[in-house]
Structures are given as structure tokens and as C-alpha cells.
1. At a threshold of 8 angstrom on Cα-Cα distance, excluding pairs fewer than six apart, so keeping six or more, what relative contact order does the chain reach in percent?
2. What length, rounded to one decimal in nm, is gained on full extension from ASP100 through to LYS227, with 0.36 nm per residue of separation minus their alpha-carbon distance?
3. Report relative contact order for region 221-392 in percent, whole number only (criteria: Cα-Cα under 8 Å, sequence separation at least 6).
4. Arrange PHE239, PHE339 by Cβ neighbour counts within 10 Å, fewest through most, would you?
5. Name the residues whose placed amide hydrogens come within less than 5 Å of the amide hydrogen of HIS292, ignoring near sequence neighbours (fewer than 5 apart) on the same chain.
6. Run the dipole for region 221-392 about the Cα centre, Lys and Arg Cβ at +1, Asp and Glu Cβ at -1, nothing else charged, and hand back the magnitude in debye, nearest 20.
7. For region 129-287, take the convex hull of the Cα atoms, compute a quarter of its surface area, and give me that in nm², please.
8. Once you have a ≥ b ≥ c as the square roots of the Cα gyration tensor eigenvalues for region 287-348, tell me rounded if a/c is under 1.5, and otherwise prolate or oblate according to whether a/b is larger than b/c.
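Each value in this text was obtained by applying a stated rule to the coordinates, not by laboratory testing. These figures come from a predicted structure and were not determined experimentally. No Cβ is skipped: glycine too gets one built from the backbone with ideal geometry, and neighbour counts run over all protein chains shown.
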Amino acid sequence: MKIIHLNYTDIKGGAGRAAFRIHRSLCDENIDSMMWVNKVYSEDRTIKGPSNKIEKALVIIRSHLFNSLIRNFKSFKNSMHSPSVLPSKWVNHINSSDADIVHLHWVQGEMLSIADIGKIQKPIVWTLHDMWAFCGAEHYTNNHRWSDGYNLDNRTAFESGFDLNRWTWQRKMKHWKTPMQIVSPSKWLAGCVKESKLMSNWPVSVVPNPIDTDEWKSLDKKDARKKLNLPVNAPLILFGAMGGSLDPRKGFDLLINALDHLKDNSKVSNLELVAFGQKKKQSSLKHNFPIHYVDHIDDDEKLRVLYSATDAVVIPSRQDNLPNIGVEAQSCATPIIAFDVGGLSDIVEHKRTGYLAEPFNVKNLADGIVWVLENNKMNQLSNQSKLQAISKFSKKKIALTYINIYNKILNYPNFKK
């Protein structure tokens, strides 16, 4: 069985890291797996990317054209959109390959056009890392055009001009005639697939993203704090996101508001926040507690040190699938506080491995922070977090689940192109 994974990058970005881990977990089970990407950051021999300067330059130019187009839509300023218009050579490489299965991941950024995906002549498995596949051009959205259909009369009030989302969704409806096997890392996203106008009749399976639970483990807390020049004795909570506090979906403002409720709480009077994903303060939000800013981290060892240095991770997202920070932190035995939204309930078991707060109730999120810090003094939550990570996210378990999906497709002609 030969599998080819396609993702924009290999080990950079949340989707890239998740896709790479799925690919490597299959390799560890002796599956002939390769990963094709537009940008290579690792030195792994199983990764294929642009082979010369011209091809690398074309990747940059295509991405630049996409970014220039999106900048013309002022209403899209704070959210990612991908029209996926430009044809690529990847589809020819795919169809001429000896792959048994093509496994798509995050193939936007003009890596594959919508028409390209429809031209793939191999059986497809598509692991979704956001909502894009069944939406218009949006990667995440709070409206319900994806379930109702992108009609002329249901556009959101803040959008104007050319309806990029409707045009993108219509091209998906036109080019994707044959159902593909969809995989969702979270129950929430799988539910969205089944409710969507585009994919409601497509097969969908829930398979979490894997992690090496032997490699991702807790380190000595004091040593970890010293390595990062963090205070040794203060309670530390961690917030992390690509781009730091700039993405409204990640809810940094909600965390700041929650911590404001704790300023007079004697139980956490010396609480400090660690924020990674940014070099320095980016938000204008006022706060009355210390914040330690850490730049974006791609190095796994540094991330393990960071998780081990903190007492809890807070994920105050407004929307999220199955964020890597949650899976990684849990495998490092770090409890998690989050709103009960999206795929976070797939990671956090309330008051057993962390705390799930009522969505967007910042007072309840603050209560959760205090509860976790108070109830993990003997590492009860930490130990249970590690056990849950082993049970749900171990790479061998996830790899075998994917192998079963591949075998089902190869033995079930209706899935074949």
C-alpha cells in the first residue's frame, strides 16, 4: 500500500505538523508513505517539495497573488480565505504516480485549485484541519451559509462587493462530483461535515491527530523554568497561538478579561501568564499581571520544555478543531482550561484532565483557572492528562485507524475514482 500525503508545508504550522505526524506514524507501521509539500522545512527523506529555484519562486509568486487578491476584501481582514483558483502541476504528478491512496490535508495557499482536486484520479482521503473544504473561501466562519447554501440572500451584513465565498463554493459544487472519504480530527468538525450542504452525503470518520506519547513527556518543572528564564515559584499559565494575540478566533482578549476577574483573588495573587507565538506585546488590551512573551516555536524540544514549565494551558478559542497545543500539552501532563467549544471537549475531560468553561463566560474561565491550580497540587490532573493522551492520541493507535480506512476504500469500489 502506497500513500501520498499533500500539505502546503511539512513541519510548519498547525496543519503541517499534524499532517507530518500522521505521515510518520504510518511510516512507523511499515506503510509506504510519502509527503508532497510546497514548502520543505525538515530534512526528512520522505518529503518531496520544489526541486529547483524556479519551482520555489513559483510557489512564492502564487502565494503572493493569493494574498494580494484577499487584501482587496476589507471584510476579510481578520480571517483567512482561500479561493484556490490557480492550476498546479501537482495533479499530473499525482495521477501519474503509483500511489494507491492520495491523502489530502491543508492544500490551500494556491497549492491545489478546486478544479485540480476534482481531477485527481486516485482514491482520496481528506483530513480536514479547518472548515474550508465545505465552506466558500473561509477557513472558519460563524455564519451558516455552509449548511444552508451560499445563496444571494444570506450573505453576512459586513460583506460587500463581489461574493468571493459564494463563487468559491459554487466551484466546489461544480468540480467535486464524486464523494471523497473525509476524516475529521474532532467530533465537532465531523458534525459540521454532515450538516453541510456540500458534503452531507459524503463518508466521514473521526480520527484524532496523533502524537508520540513517549517523546512528548513532562520534564522537571524547575529545570524547565530556569531554561526559559521564567520565575521558579510563581503559578504560570500558558497561552499559545500562531500569530499570538492577533487572531480573534484564538480568544486572547477573552483570556485577558478572565484574568482581570482574578486580580483580587488571594489564591492566585502571584499568577503570571506566558504567551508564545509572538515576540512582544501585540495587543492594546490593558492588564494588571506579568506576561512573558515567547516567539513562535517550531522546535519540539523547546515546546516540551515550555509545556513542562507551566502549571496549565489555557485555550480560550472561540472556534477550534483539535488544536495541537492541546494534544501536545496533555501528552506532557499539563492540564488544560478551555471553553467547551469545537473539538476542545475531545481533548479535555471536565474536572478530570482540566476544566471546560461555559462558552465565552470569562468569569467561568477564570474560575476554571483557579480550580485547576488548586486541584493539581498533587499532580492528579497531570497524571490523568497523560493517561488520556496515551489512550486517545498515541501514534500507533491513530496509524492503525488510518490503515483500516485505507483498506476499506481499496476494497470498496464505490470510493474509487
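1. Details: 824 pairs, mean separation 61.0, N = 417.
Relative contact order here is 15 percent.
2. Values: separation 127, 0.36 × 127 = 45.72 nm, distance 4.61 nm.
Going from the current span to full extension adds 41.1 nm.
3. On the way: 339 pairs, mean separation 38.1, N = 172.
Across region 221-392, relative contact order equals 22 percent.
4. Details: PHE239 24, PHE339 28.
The fewest-first ordering by Cβ neighbours comes to PHE239, PHE339.
5. LEU273, VAL274, ALA275
6. For this selection, approximately 420 debye.
7. Numbers: hull surface 55.4 nm².
Result: a mean projected hull area of 13.9 nm².
8. Numbers: a/c = 1.71, a/b = 1.22, b/c = 1.40.
In terms of gyration-tensor shape, oblate.
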